[in-house]
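Heads up: the structure comes next, in structure tokens.
The values are calculated or read from the model by the stated rules, or taken from the named source; none is laboratory data. The structure displayed is predicted, hence computed values, not measured ones. Because the Cβ atoms are built from the backbone with ideal geometry, glycine has one as well, and the counts that use them run over all protein chains shown. These accessible areas exclude ligands, DNA and RNA; they are computed on the full protein's heavy atoms, side chains included. Shrake-Rupley method; radii C 1.70, N 1.55, O 1.52, S 1.80 Å.
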Amino acid sequence: MKSLREFTKQVASAVGKSDGKALARLLVLDDQLAAAASQEKNWEAACASLSDVVKPMIMRLLECLAARREGNHVEAHERMLESFRAFLELMKDSTSWILVPSEQMTRNLKTLAWAADAAEPTRGSDRHVNEVVHELRKYLAIMHKDSASGADTKRGGLLYGVNAIMSCYFKVNQLSLCVSLLRTVESYTSGSDFERMFPIRHKVVYRYYVGRLMLSQGDFKAADEMLSYAFEHSARGHFANKRHVLAFLIPVKWIAGVFPSEQLCAKFSLDEYGAVLSAVRRGQIAEFDRVLATHESYFIRLGVMLLMEKLRLLTCRNLFRRAWLLLPADTRSKTSLAHFQLAARLSGAQLSDDELECLLANMIAQNWVKGYIHQERRIAVLHKTLPFPPVASLV
């Protein structure tokens, strides 16, 4: 375990050499550093090698680590806020080398805010997260105002700052506030500039959050595009990241009529979706309802519960199509509603007359079924050649 004096000398060296990677490694919330700080009697003397700009940042960071080591998460968060504010002063007069350590400081800030809010559930679950957003807005402003060009510009960190703020908004379920951040990105980039200006890892995270935002707004086509990019461009070894993206991408693909293989669900340990997939494909309404009830809390936590309920209609549509295929070809264009009702009952679901007509009407409205309902004769008058068009062709 290195001493506190050795640590501060390394910080001074990293700042003096503009070595962003080295400084970022030193700013990690490290238990060993916290232990070393607790053994040091004179922090002021230990920090003597630091400049007037860097010293307050490190002093507050050490206080943060000490509070965190004692389990005082709120105090740790408050000291981290002060350390981050001091870091912003250093950032103002630095060039692009400061971007890597700025990411580490941002991660520290968010981690401690999450812990502080969890430690004070009765005082408002998002108080500390909102404080983080306030500071991150200042962080973003520094990059907006940067007049440097070429390799020295700090604007390359803009997207990371936007992503950090969006992660906070998603944490506290204030997704509508993300829209202004999208405008911020658009105002500073055009299509080609966006691809050129930012690292691929920042673009992956950005499109992940935009995809989730589009999903919440019901724009499934845009959500598919954004989440597909995030999945395809996530680093191959980042299994957990790919799995997290898939948790939102799979239901979007389902709505488009594209079904993942059961092997894919198994590979990424998405057993909840594997069970739903089987029920939807086979048109088993009762089984779908059972699986949805079993995993309801999981889907609610992801925020896709309404989308999963939409899949129930697709499950019913698949059942009705299977039942329709069992009829003689010359009678299919005028199918009795009782036939669909019987199919539902045989699959374990009870559909009343009104519920059946409502389901069919919704399918027809969404073009999942071509035809109309003749209520007096209680039949579905269906298109003669393609009454159940592939869902993927309708998106």
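The table below gives the values:
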{"item": "Amide H partners (placed H, <5 Å) of residue 304, local residues excluded", "result": "none"}
{"item": "Residue-normalised accessible area of the chain, expressed per residue, 1.4 Å probe, Å²", "result": "48 Å²"}
{"item": "Degrees, to the nearest 10: 200-216 long Cα axis against longest axis of the chain", "result": "40 degrees"}
{"item": "Area accessible to solvent at residue 310, 1.4 Å probe radius, in Å²", "result": "60 Å²"}
{"item": "Cα gyration tensor shape of the stretch 1-154, rounded if a/c is under 1.5, else prolate or oblate by comparing a/b with b/c", "result": "oblate"}
{"item": "Spin-label model distance (nm) - residue 144 vs residue 381, 7 Å beyond Cα toward Cβ", "result": "6.0 nm"}
{"item": "Phi to ³J(HN,Hα) by Karplus 6.51 cos²θ - 1.76 cosθ + 1.60 over the stretch 155-172, Hz, x for Gly, Pro", "result": "5, x, x, 4, 5, 4, x, 4, 4, 4, 5, 4, 4, 5, 4, 5, 4, 9"}
{"item": "Pairwise FRET efficiency - residue 392 versus residue 111, Cβ, R0 = 45 Å, nearest 0.05", "result": "0.60"}
{"item": "Cα-based shape type of the chain, given that a ≥ b ≥ c are square roots of the gyration tensor eigenvalues and the cut on a/c is 1.5", "result": "prolate"}
{"item": "Sites residue 174 and residue 9, calculated FRET efficiency, Cβ-Cβ separation with R0 35 Å, nearest 0.05", "result": "0.25"}
{"item": "Stretchable slack from residue 271 to residue 361, in nm (0.36 nm times residue separation minus alpha-carbon distance)", "result": "29.2 nm"}
{"item": "Karplus 3J(HN,Hα) series, Hz, for the stretch 244-260 with 6.51 cos²θ - 1.76 cosθ + 1.60 (x for Gly, Pro)", "result": "5, 5, 4, 4, 9, 6, 4, x, 5, 5, 4, 4, 7, x, 9, 10, x"}
{"item": "Unit charges on C-beta of K, R, D, E only; dipole of the chain, Debye", "result": "980 debye"}
{"item": "Residue-by-residue Karplus 3J(HN,Hα) for the stretch 298-306, coefficients 6.51, -1.76, 1.60, Hz, glycine and proline x", "result": "5, 5, 5, 4, 6, x, 10, 4, 5"}
{"item": "Sequence-distant residues sharing a close amide H with residue 334 (under 5 Å, placed H)", "result": "382"}
{"item": "Subset of 145/242; 110/253; 55/138 violating a 27 Å alpha-carbon distance limit", "result": "145/242; 110/253"}
{"item": "Ranked packing of 316-324, 85-93, 374-382, most packed first, by mean Cβ within 10 Å", "result": "316-324, 85-93, 374-382"}
{"item": "MRE, 222 nm, helices only [DSSP H, n ≥ 4, -39500 (n - 2.57), over the chain, to nearest 500]", "result": "-21500 deg cm²/dmol"}
{"item": "Test item: Cα-centred dipole of the stretch 259-395, Lys/Arg +1 and Asp/Glu -1 on Cβ, debye", "result": "500 debye"}
